[in-house]
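These notes are about the structure you will find just below.
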There are 2 protein chains.
Amino acid sequence: MFESAEIGHSIDKEAYDAEVPALREALLEAQYELKQQARFPVIVLINGIEGAGKGETVKLLNEWMDPRMIDVLTFDQQTDEELARPPAWRYWRALPPKGRMGVFFGNWYSQMLQGRVHGVFKDAVLDQAITGAERLEEMLCDEGALIIKFWFHLSKKQMKARLKSLKDDPLHSWKISPLDWQQSETYDRFVRFGERVLRRTSRDYAPWHVIEGVDPNYRSLAVGRILLESLQAALDNSPKGKHRGNVAPLGRSIDQRSLLGALDMTLRLDKSDYQEQLVTEQARLAGLLRDKRMRRHALVAVFEGNDAAGKGGAIRRVAAALDPRQYRIVPIAAPTEEERAQPYLWRFWRHIPARGKFTIFDRSWYGRVLVERVEGFCSPADWMRAYSEINDFEEQLANAGTVVVKFWLAIDQQTQLERFEEREQIPFKRYKITEDDWRNRDKWDDYVQAVGDMVDRTSTEIAPWTLVEANDKRWARVKVLRTINQALEAAFAKDKK
Amino acid sequence: MFESAEIGHSIDKEAYDAEVPALREALLEAQYELKQQARFPVIVLINGIEGAGKGETVKLLNEWMDPRMIDVLTFDQQTDEELARPPAWRYWRALPPKGRMGVFFGNWYSQMLQGRVHGVFKDAVLDQAITGAERLEEMLCDEGALIIKFWFHLSKKQMKARLKSLKDDPLHSWKISPLDWQQSETYDRFVRFGERVLRRTSRDYAPWHVIEGVDPNYRSLAVGRILLESLQAALDNSPKGKHRGNVAPLGRSIDQRSLLGALDMTLRLDKSDYQEQLVTEQARLAGLLRDKRMRRHALVAVFEGNDAAGKGGAIRRVAAALDPRQYRIVPIAAPTEEERAQPYLWRFWRHIPARGKFTIFDRSWYGRVLVERVEGFCSPADWMRAYSEINDFEEQLANAGTVVVKFWLAIDQQTQLERFEEREQIPFKRYKITEDDWRNRDKWDDYVQAVGDMVDRTSTEIAPWTLVEANDKRWARVKVLRTINQALEAAFAKDKK
């Protein structure tokens, strides 16, 4: 969920200076249009890691836009008046009216996270708070509101560095309260519960946007752009079509950095290392699946990746080690007639393994947010809601003891071209390459974007994505096997506690 | 929530026999159309009180319709295969495909209710299960499914009588398992948690229908009609407009009985009894509001009713007893400009009392499901979702310690006419009667329907409706005061525990 926000996004000064004037002008224009139409309010929620630039960004937005039309609201300790009423009262009385923008700096999410992080209550009560937030936001959107949710993120290392630099800087040292430092210690809990909150509350009508907070230029532009695009989309929406509120678009990457781009595609294994490591990992997997602790778990492995990235070969190396009665490979192609007559997740539910068993999905439910999105086989509303539906699905698997590992096998465009050409040369591989494959290549950038969004929105603690550098098939196969083994061992280790 | 299902609905044999043939034919036709279109599946959920005719009704539906297109599914003990997978797997594999109908007899609701009633878990875990059910149904509806949820109800007295009669009948005594009898003891818990479940999961896209189960003719016709109307509405829906699934309509009353109709409008108090009781109740209220236990509570009283039913007079008698600093009367008329720029609940949130205080709403948030519904000021989707939004709102009030009492002051048409004419005669009352009042009279039946739905969907344990027989103003005023006093005393008594 936070992967894309830990890869060192940055925008240099020149690019920043070049872009800001147009962005500011467009934001101001959108703001006046918002006031003019007076058709819906805008609610901006600011959350995230301490030191990730929340305050600075809000300050900047006020400089960029017309501050007379923005209400910045902070919610710290409840006042006496607030304590005498239901908790939501403080938010209701601060709601911006139609045509205005309210920036909620500290809000219902901060409150539930603080409570959970500091152990005031457990997951079940956190979930009640999450449901309350969902119902509030759903109602606000049904009433026309545009809700934009930002999570400012830093990796643990980045956060520590940031706090240290602020502390040493006499101009900023006032910003560091004891609580901030304490947060450095509770970073892991904050991120863990934050992920749960984001996973559950990122809905099609009010998705979260995770912003890497290290580079001020990047985070400012990213926030400005998302704000602008969301505003413009909502302003263009016909008043009649306001059903379920205004869907905020997912933001496009604004620097040249992406999760896939951040992979080191030169990673490789030579033949002898490969042979040795492959055999070791295969034996380890066979042993783990025979382990009696496996009776409490099932295993699901999802393989997605570029065409010709070597999914088939990797799957064969996984299967090679195993007793065929213990695993099953489910290749996902076009749905059957029976499957088309059901909700899209049905064809995957029918194949999920019983405890003790292992199912390998060669392509999967992620088709909805990959090929179906890119090819327009379903509407944006359909693939937007799919992220949370998929998270719900995988959470149910995880709750039942299923270990879920998900692989994206990534190759670069040059490698793909070579493999395509090779396939066309070799008669017994020719069946593997079709017109579709060449057509997909034209949509390379769309897929990069779709994969980035997919990982950002569905890589969770309970079912993380593993991006596999697959230019070298040997490297990829060993990494896949090792990842599965580590995931199983981690699950077994948790059982003991 | 169950009020309408405890008033002794019944249909005599003659009326029943006259109606059934046409209903059966229309149901069969709808069923074939469903198969023909093969555009969406129908999922019918059957829940409710033991002995309320669930099984008989399902049997009957199979006789009335083409059983080849209906799958009746029961979910009792989980099988080994089911236990080895996530709990929802058993439901997924039973989902009817597009064009078919699945009757889920025992389902996710039975499971969570059993668990909560028998104390396997507490409210927080029940709420997690409720959220899971909501998300499942939301997803199914987004995928096009039509979900129809029936709750078969009996009052406690009715259930005891029913179980006894079954026991004495040798043909039916096999139906009485020890569990059923045990349910007679746990009836209160079952109804209490059932109400929580219905309140939270009755959403615009999949509302609950509560069916009184005493009279077989009534319950059969009621279920058949709702099924038919829901099917027809979904079949007529254009395929494009399937957003958020197919909204099932609320059912109309099919016998001549309604909640309002069941009131004894002859109830009255003579002058001396009135004087005495009024003074007693006023003193009691003044005392309760001064009680130090009031510091932990707030009080909200909602007054709705027919035009000229005497809301103003009743409110004055309540207020008369009190220190003006302690209460506030909020008259609700057309919203101000500022209020129109906010979600419709905002104008009520701004007036909710702090702990220790008392707010009287002269008309209220129920305008949305009364006048706005009847006059078409908002769309059906808007007022349909309002029921759950209002329940959420009142639950927040209750959780904060606010005691919520809600009155519908009911008069009959003749009494209203007399009061209207009287008002036109008396100069100082003439301002009270307008063209609107006469116009509203024409919509009497629409209001009866709207009030019935409102009470069925928003009368909850945490904020029950009180229907007040108001043909006699004295009776009405004393009943209002006494109800407020009882509610406060009940809340104080709960504190002690």
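Residue by residue, here is whether (1) closer than 16 Å to B:Ile70 by Cα; (2) among the charged types (D, E, K, R); (3) touching a residue at least 24 places away in the same chain (Cβ under 8 Å); (4) assigned by TED's automatic domain parsing to the domain that holds B:Ala30 holds:
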{"residue": "B:Asp80", "(1), (2), (3), (4)": "no, yes, no, yes"}
{"residue": "B:Pro87", "(1), (2), (3), (4)": "no, no, yes, yes"}
{"residue": "B:Arg93", "(1), (2), (3), (4)": "yes, yes, no, yes"}
{"residue": "B:Pro96", "(1), (2), (3), (4)": "yes, no, yes, yes"}
{"residue": "B:Arg100", "(1), (2), (3), (4)": "yes, yes, yes, yes"}
{"residue": "B:Phe105", "(1), (2), (3), (4)": "yes, no, yes, yes"}
{"residue": "B:Ser110", "(1), (2), (3), (4)": "no, no, yes, yes"}
{"residue": "B:Arg116", "(1), (2), (3), (4)": "no, yes, yes, yes"}
{"residue": "B:Gly119", "(1), (2), (3), (4)": "no, no, no, yes"}
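Could you tell me whether B:Gln396 is of a type in the set (S, T, N, Q), at the interface with another protein chain (Cβ under 10 Å from one of its Cβ atoms), without any contact (Cβ under 8 Å) to a residue 24 or more places away in the chain and assigned to a helix (DSSP H, G or I)? So B:Gln396 passes the test.
For the condition basic (Lys, Arg), surrounded by fewer than 20 Cβ atoms within 10 Å (Cβ to Cβ) and in the same structural domain as A:Gly310 (by TED's automatic domain parsing), what is the one hit in A:Arg385, A:Arg368, A:Arg350, A:Arg373? Break it down stepwise before answering.
Working: A:Arg385 fails: surrounded by fewer than 20 Cβ atoms within 10 Å (Cβ to Cβ); A:Arg368 fails: surrounded by fewer than 20 Cβ atoms within 10 Å (Cβ to Cβ); A:Arg373 fails: surrounded by fewer than 20 Cβ atoms within 10 Å (Cβ to Cβ).
Within the list A:Arg385, A:Arg368, A:Arg350, A:Arg373, the selection yields A:Arg350.
Any idea how many residues of region B:1-52 are aromatic (Phe, Trp, Tyr), closer than 21 Å to B:Phe152 by Cα and in a loop (DSSP other than H, G, I, E, B)? Can you show your working first?
Narrowing region B:1-52 to residues aromatic (Phe, Trp, Tyr): B:2, B:16, B:32, B:40.
So of that shortlist, the ones also closer than 21 Å to B:Phe152 by Cα come out as B:2, B:16.
In the following step, the residues that additionally are in a loop (DSSP other than H, G, I, E, B) were identified as B:2.
Number satisfying all stated conditions: 1.
Residue-level check: of (1) within 24 Å of B:Ile352 (Cα to Cα); (2) touching a Leu at 6+ places or on another chain (Cβ under 9 Å), A:Gly115 misses just (1).
For every residue, the table says whether it meets (1) touching an Asp or Glu at 6+ places or on another chain (Cβ under 7 Å); (2) over 22 Å from A:Asp142 (Cβ atoms); (3) modelled with pLDDT under 95.
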position: B:Arg296; (1), (2), (3): yes, yes, yes
position: B:Ala301; (1), (2), (3): no, yes, no
position: B:Glu304; (1), (2), (3): no, yes, no
position: B:Trp349; (1), (2), (3): no, no, yes
position: B:Ile360; (1), (2), (3): no, yes, no
position: B:Ser364; (1), (2), (3): yes, no, no
position: B:Glu372; (1), (2), (3): no, no, yes
position: B:Ala381; (1), (2), (3): yes, no, yes
position: B:Ser388; (1), (2), (3): no, no, yes
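Taken over region A:118-142, the criterion of being under 11 Å from A:Ile43 (Cβ atoms) and either part of a strand (DSSP E or B) or within 11 Å of chain B (Cβ to nearest Cβ) (or both) is satisfied by A:Leu136, A:Leu140, A:Cys141.
May I ask you to list the residues in region B:400-425 that are charged (D, E, K, R) and over 20 Å from B:Val455 (Cα atoms)? B:Glu418, B:Arg419, B:Glu421, B:Glu422, B:Arg423, B:Glu424 - these are the residues of region B:400-425 that are charged (D, E, K, R) and over 20 Å from B:Val455 (Cα atoms). Residue pairs whose Cβ atoms lie under 6 Å apart, sitting 6 or more positions apart in sequence or on different chains, and linking a residue in region B:259-278 that is surrounded by 15 or more Cβ atoms within 10 Å (Cβ to Cβ) to a partner that is among the hydroxyl-bearing types (Ser, Thr, Tyr), are B:Leu259/B:Ser4.
The lone criterion from (1) acidic (Asp, Glu); (2) in contact with a strand residue (DSSP E or B) (Cβ under 9 Å, 6 or more places away or on another chain); (3) more than 28 Å from B:Ala341 (Cβ to Cβ) left unmet by A:Asp123 is number (2).
Determine whether B:Glu394 is among the acidic types (Asp, Glu), within 20 Å of B:Val468 (Cα to Cα) and modelled with pLDDT of 90 or more. Write out each step before concluding.
On the way: among the acidic types (Asp, Glu): yes; within 20 Å of B:Val468 (Cα to Cα): no; modelled with pLDDT of 90 or more: yes.
No; evaluated as a whole, the condition is false for this residue.
Among residues of region A:158-174 that are assigned by TED's automatic domain parsing to the domain that holds A:Ile7 and closer than 24 Å to A:Ile211 by Cβ, those with a Cβ under 7 angstrom from a residue that is in a loop (DSSP other than H, G, I, E, B) and at pLDDT below 75, sequence gap 6+ or separate chain, pair up as A:Leu163/A:Ile176; A:Leu166/A:His172; A:Leu166/A:Ile176; A:Lys167/A:Ile176.
Sort out which residues of region A:138-150 are of a type in the set (D, E, K, R) and over 20 Å from the mean Cα position of the chain (by Cα), and write them in order of number. Answer for region A:138-150, where residues must be of a type in the set (D, E, K, R) and over 20 Å from the mean Cα position of the chain (by Cα): A:Glu138, A:Asp142, A:Glu143. Restricting to region A:308-334, name every residue that is under 26 Å from A:Val369 (Cβ atoms), out of contact with any Ser or Thr (no Cβ under 9 Å at 6 or more places or on another chain) and either part of a strand (DSSP E or B) or modelled with pLDDT of 90 or more (or both). If the condition is that a residue be under 26 Å from A:Val369 (Cβ atoms), out of contact with any Ser or Thr (no Cβ under 9 Å at 6 or more places or on another chain) and either part of a strand (DSSP E or B) or modelled with pLDDT of 90 or more (or both), then A:Gly310, A:Lys311, A:Gly312, A:Gly313, A:Ala314, A:Ile315, A:Val318, A:Pro331 are the ones that fit. Entry remark, region A:342-384: residues being within 13 Å of chain B (Cβ to nearest Cβ) and part of a loop (DSSP other than H, G, I, E, B) number 14 in total. Condition check for A:Ile254 on (1) more than 14 Å from every other protein chain (Cβ to nearest Cβ); (2) outside any loop (DSSP other than H, G, I, E, B): one failure, at (2).
Apart from one condition, A:Ala334 fits all of (1) more than 13 Å from chain B (Cβ to nearest Cβ); (2) buried (at least 19 other Cβ atoms within 10 Å of the Cβ); (3) of a type outside the set (Phe, Trp, Tyr); the exception is (2).
Table: residues versus (1) on the phi > 0 side of the Ramachandran plot; (2) surrounded by fewer than 17 Cβ atoms within 10 Å (Cβ to Cβ); (3) assigned to a helix (DSSP H, G or I).
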residue	(1), (2), (3)
A:Lys406	no, no, no
A:Leu409	no, no, no
A:Arg419	no, no, yes
A:Trp438	no, yes, yes
A:Arg441	no, yes, yes
A:Tyr447	no, no, yes
A:Met454	no, no, yes
A:Arg474	no, no, yes
A:Ile484	no, no, yes
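Mind checking whether some residue in region B:3-14 is without any contact (Cβ under 8 Å) to a residue 60 or more places away in the chain and either surrounded by 17 or more Cβ atoms within 10 Å (Cβ to Cβ) or not assigned by TED's automatic domain parsing to the domain that holds B:Val448 (or both)? Spell out the reasoning first.
Of all residues in region B:3-14, those without any contact (Cβ under 8 Å) to a residue 60 or more places away in the chain come to B:14.
Next, only the ones that are either surrounded by 17 or more Cβ atoms within 10 Å (Cβ to Cβ) or not assigned by TED's automatic domain parsing to the domain that holds B:Val448 (or both) stay: B:14.
Yes, because at least one residue in region B:3-14 is without any contact (Cβ under 8 Å) to a residue 60 or more places away in the chain and either surrounded by 17 or more Cβ atoms within 10 Å (Cβ to Cβ) or not assigned by TED's automatic domain parsing to the domain that holds B:Val448 (or both).
The values are calculated or read from the model by the stated rules, or taken from the named source; none is laboratory data. Values in this document were obtained by computation on a predicted structure and should not be read as measured data. Please note: Cβ atoms are built from the backbone with ideal geometry, for glycine as well, and neighbour counts cover all protein chains shown.
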